[in-house]
Amino acid sequence: MNVIEGKLSVQKGRRIAIVNGRFNHLVTDRLVEGAKDAYLRHGGDEKDLDLVLVPGAFEIPLIVERLVASAKYDAICTVGAVIRGSTPHFDYISAEATKGVASVALKSGIPISFGVLTVDSIEQAIERAGTKAGNKGFEAMVTLIEMLNLYSEVQA
Ligand code: INI
């Protein structure tokens with residue numbers, strides 16, 4: 001059996017963007033740190049990594065679409081935090097961010113990973129941003145690196 005899977009090392013010259021929805025930045029800053037840490041630990045060069053900030057998770061798909069159109073990046077890692085708390089916005093924003101990123105990703109031709117937290121409480125968000133449940137930004141970047149290498153293995 002031939003197994004085809006992506007390696008976990010960043011190849012030289014690959015350009016990656018992290019898109020961060022700044023809303024709840026105490027949490028999302030930690031997700032960015034996690035994503036950057038994963039990128040560097042897997043052999044990435046900081047000069048090939050860009051951070052793009054948008055106001056909130058709702059805006060993430062909009063800018064991802066433009067970044068794809070710019071053809072400047074080989075892969076895009078999205079991070080953000082939508083926290084239910086007391087906001088009636090939660091269902092709309094989390095659905096738009098999730099559907100929006102998935103929809104752009106399917107059309108883009110490049111790997112795009114989803115590190116946007118959709119959680120019920122600030123405690124759950126903190127748990128996933130570098131405390132007891134790991135760091136979702138780190139995980140999203142590791143996934144992205146694997147998928148980037150897998151895309152190279154499977155030519156369209
Ligand atoms: N944006 C988030 O990223 N997380 C949230 O929890 C959130 N809440 O709760 O409102 C949020 N709102 C802002 C939204 O993403 C847009 O920036 C805003 O609606 C303007 O388009």
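The values are calculated or read from the model by the stated rules, or taken from the named source; none is laboratory data. Because the structure is a prediction, the values reported are computed rather than measured. So basically every Cβ, Gly included, is an ideal-geometry build from the backbone, and we count neighbours across all protein chains shown. Calculation scope for accessible area: heavy atoms of the full protein, side chains included, ligands and nucleic acids excluded. Shrake-Rupley method; radii C 1.70, N 1.55, O 1.52, S 1.80 Å.
Just to check your reading of the model, which residue among 66, 14, 41 is charged (D, E, K, R) and under 18 Å from residue 116 (Cβ atoms)?
66
Quickly run through region 131-156 and pick out the residues that are without any contact (Cβ under 8 Å) to a residue 40 or more places away in the chain and basic (Lys, Arg).
If the condition is that a residue be without any contact (Cβ under 8 Å) to a residue 40 or more places away in the chain and basic (Lys, Arg), then 132 is the only one that fits.
Residue by residue through region 124-135, note down the ones that are open to solvent by 70 Å² or more (accessible area, probe 1.4 Å) and modelled with pLDDT of 95 or more.
Matches in region 124-135: 126, 128.
Residue 2 fails exactly one of the following numbered conditions: (1) open to solvent by 30 Å² or more (accessible area, probe 1.4 Å); (2) within 11 Å of the ligand (Cβ to nearest atom). What is the number of that condition?
Single failed check for residue 2: (2).
Name the single residue, out of those in region 94-119 being open to solvent by 40 Å² or more (accessible area, probe 1.4 Å) and within 21 Å of residue 34 (Cβ to Cβ), that is farthest from the chain's Cα centre (by Cα).
118
Quickly run through region 48-73 and pick out the residues that are open to solvent by 80 Å² or more (accessible area, probe 1.4 Å), assigned to a strand (DSSP E or B) and away from the ligand (no atom under 15 Å from the Cβ).
Initially, region 48-73 is screened for residues open to solvent by 80 Å² or more (accessible area, probe 1.4 Å), giving 51, 53, 58, 62, 65-66, 69, 71-72.
With assigned to a strand (DSSP E or B) added as a condition, the list becomes 51, 53.
Passing the criteria: only 51.
Residue 78 is checked against (1) open to solvent by less than 50 Å² (accessible area, probe 1.4 Å); (2) free of Cβ contacts under 8 Å to residues at least 60 places away in the same chain; (3) outside any helix (DSSP H, G or I) and fails just one. What number does that condition carry?
Residue 78 satisfies every listed condition except (2).
Counting just the residues of region 74-89 that are in contact with a strand residue (DSSP E or B) (Cβ under 9 Å, 6 or more places away or on another chain) and within 6 Å of the ligand (Cβ to nearest atom), which one comes out nearest to residue 142 (Cα to Cα)?
80
Just checking, how many residues over region 90-108 are near the ligand (Cβ under 9 Å from one of its atoms) and small (Gly, Ala, Ser)?
Residues flagged as near the ligand (Cβ under 9 Å from one of its atoms) and small (Gly, Ala, Ser) within region 90-108 amount to 2.
So which residues in region 103-156 are outside any loop (DSSP other than H, G, I, E, B) and of a type in the set (Val, Ile, Thr)?
104, 112, 116, 118, 119, 122, 126, 131, 142, 143, 145
Any residue in region 113-130 that is aromatic (Phe, Trp, Tyr) sitting within a Cβ distance under 9 Å of a residue that is open to solvent by less than 30 Å² (accessible area, probe 1.4 Å)? List the pairs, counting only those 6 or more apart or interchain.
Once the first residue is aromatic (Phe, Trp, Tyr) and sits in region 113-130, its partners that are open to solvent by less than 30 Å² (accessible area, probe 1.4 Å) give 114/77; 114/78; 114/79; 114/97; 114/101; 114/105; 114/140.
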